[in-house]
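A quick write-up on the structure given underneath.
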Amino acid sequence: MEIKIGMNVLEANNLVAARNQDIFQKDQVFVLNIMSSPGSGKTTLLEKTIEALKDELKIGVIEGDIYTDRDAERIKRHGIPVVQINTYGSCHLDARMVREVLPLFNLKGLDLLIIENVGNLVCPAEFRLGEHARVAVLSVPEGDDKPVKYPVVFRESEIALINKIDLLDYFDFNLERVKKEIKEINPELEIFEISCKTLEGFQPWLEWLRKNAQR
Amino acid sequence: MHESAMIDSFVQIIEDKVKEYPVKKVTKIKLKVGKLTCLCPGTLAACFETVAQEKDLLKDTVLEIEEVPLKAKCKECGQVFLVEENKFFCPFCQHPHIQIVAGRELFIETVEVE
């Protein structure tokens, strides 16, 4: 006997993500999901963003890592609410993990909630968390062929940040080619070129955040 | 990788569904796996085998996986085409705005049971 199932397994996470987004809509908080390889500079990006905007926007952070709370400890020093999720093996956050920590925040009191995903340029792209926008971070030392090698995360994001541009003179990184290839994968992706060290290029990124978090 | 977490969800769905019928065992599961998911069919099959061998319902189940190619529809000219070499633009009119219509799923089609 044949039984028809007709179900997309990946939908289960999407349903929880949709419920998360309902919560974010109700509490009027703009939510970002930041995805990248380990070491691209996500946590430093968050620190510099918080330093620049914390007098204008109420910011909260969810940190995702397999182990340790080192990233949450760094964020905590900036005096903003942060919760660390440890997956103890899973290579990405999923919507259920995020849903479980939301009660630890006063979401109504936040303008912006930033979720720093587990460092991984592959799997996080498959799992929506309920975010309003997804940010793919690529850094200069990682190489300029990463978008074509890992297209899904760029296809599934709204923003691409090319970080560590202060190191362009030290690496064979063809910035124009990588931007062209990113646009071939996702023409609607907005690209910001930044350095979290020198803060070159940081203003357009901050402006984008201000515009979206203050709606 | 997270194929094992996917298999756990997938086995749960199958077990919940077949509960509605007088089933002794599942003989076949037909699964569609999209080419642009971060899931490897070989790893999925291996993880399934590991989980299934512990369950009377699933220990003789054949997992039939169909890989679904990545297809998109051009928002400009409406043509549907295979996306090859991760070139996400229309090969007919070169328009960059396309919508993916297949190739991103982990879809349980049917199960055969006794």
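No lab work stands behind these numbers, since they all come straight from the coordinates. Owing to the predicted nature of the structure, the values given are computational and were not obtained by experimental measurement. When we count neighbours, we look across all protein chains shown, and the Cβ atoms used for this are built from the backbone with ideal geometry, even at glycine.
The mean count of C-beta atoms from other chains within 10 Å of the C-beta of residues in A:7-16, rounded to a whole number, is 5.
Please compute the length gained on full extension between B:I13 and B:T27, using 0.36 nm multiplied by the number of residues separating them and subtracting their Cα-Cα distance.
Separation in residues times 0.36 nm, less the Cα-Cα distance, equals 3.5 nm.
So how strong a dipole does the protein assembly as shown carry about its Cα centre when Lys and Arg Cβ are +1 and Asp and Glu Cβ are -1, to the nearest 20 debye? List each step's numbers first, then the result.
On the way: 43 positive and 54 negative charges, 132 e Å.
My answer is approximately 640 debye.
Legend: mean number of C-beta atoms from other chains within 10 angstrom of residue C-beta atoms, peptide B:102-113, equals 4.
Around the Cα centre of chain B, unit charges on the Cβ atoms of Lys, Arg, Asp and Glu (plus for the first two, minus for the last two) sum to a dipole of about 380 debye. Treating each Cα of the protein assembly as shown as an identical point scatterer and ignoring solvent, apply the Debye formula and state log10 I(q)/I(0) at q = 0.08, 0.09 Å⁻¹. So the normalised log intensities work out to -0.42, -0.53. Output the Kirkwood hydrodynamic radius of the range A:5-47, Cα pairs only, in Å rounded to one decimal. Its Kirkwood hydrodynamic radius stands at 13.1 Å. A straight Cα-to-Cα reach below 27 Å connects B:K24 with the lysines A:K4, B:K32, B:K55, B:K59, residues fewer than 8 places away in its own chain not being considered. Quarter the surface of the alpha carbon convex hull of the range A:11-163 and you get the mean projected area, 8.5 square nanometres. The angle separating the long axis of helix B:41-52 from the principal Cα axis of greatest extent in chain B is about 20 degrees. Dipole orientation for the protein assembly as shown: of the candidates A:N13, A:I80, B:T110, A:I80 has the Cα lying most toward the positive pole (charges on Cβ; Lys, Arg +1; Asp, Glu -1).
In whole angstrom, note down how far apart the Cα centers of the range A:148-188 and the range A:45-77 are. Computed from Cα coordinates, the inter-centre distance equals 24 Å. With Rh defined as the Kirkwood radius, the inverse of the mean 1/r over Cα pairs, the Rg/Rh of the range B:6-57 is 0.98. Just checking the listed ones, B:C77, B:C40, B:C90: in the Gaussian network model of chain B with Cα springs under 10 Å, the one fluctuating most is B:C77.
Across A:N20, A:N120, A:N174, mean-square fluctuation computed from a Gaussian network of chain A (C-alpha pairs under 10 Å connected) peaks at A:N174.
Would you please classify the overall shape of the range B:2-113 from the alpha carbon gyration tensor, given that a ≥ b ≥ c denote the square roots of the eigenvalues, rounded means a/c under 1.5, and beyond that prolate means a/b larger than b/c while oblate covers the rest? It is prolate, given that a/c is not under 1.5 and a/b is the larger ratio. Kindly flag which residue pairs out of A:K183/B:K71; A:K54/A:K146; A:K183/B:K35 have an alpha-carbon separation exceeding 27 Å in this structure. From A:K183/B:K71; A:K54/A:K146; A:K183/B:K35, over 27 Å: A:K54/A:K146. Antiparallel beta bridges, as assigned by DSSP with both residues in the protein assembly as shown, represent about 35 percent of the total such bridges.
Compared with the dominant principal axis of the Cα atoms in chain B, helix B:3-18 is inclined by about 60°. Largest first and in whole Å, the equivalent-ellipsoid semi-axes of the range A:80-215 read 27, 18, 14, each the square root of five times a Cα gyration tensor eigenvalue. Legend: mean number of C-beta atoms from other chains within 10 angstrom of residue C-beta atoms, peptide A:154-164, equals 1. Near the amide H of A:L113, within less than 5 Å, lie the amide hydrogens of A:F30, A:V31, A:L32, A:G60, all on another chain or at least 5 residues away, with H placed in the peptide plane.
In a GNM of chain A with a 10 Å cut-off on Cα contacts, which of A:S90, A:S37, A:S139 has the highest mean-square fluctuation? Of A:S90, A:S37, A:S139, the most mobile in the Gaussian network model is A:S90.
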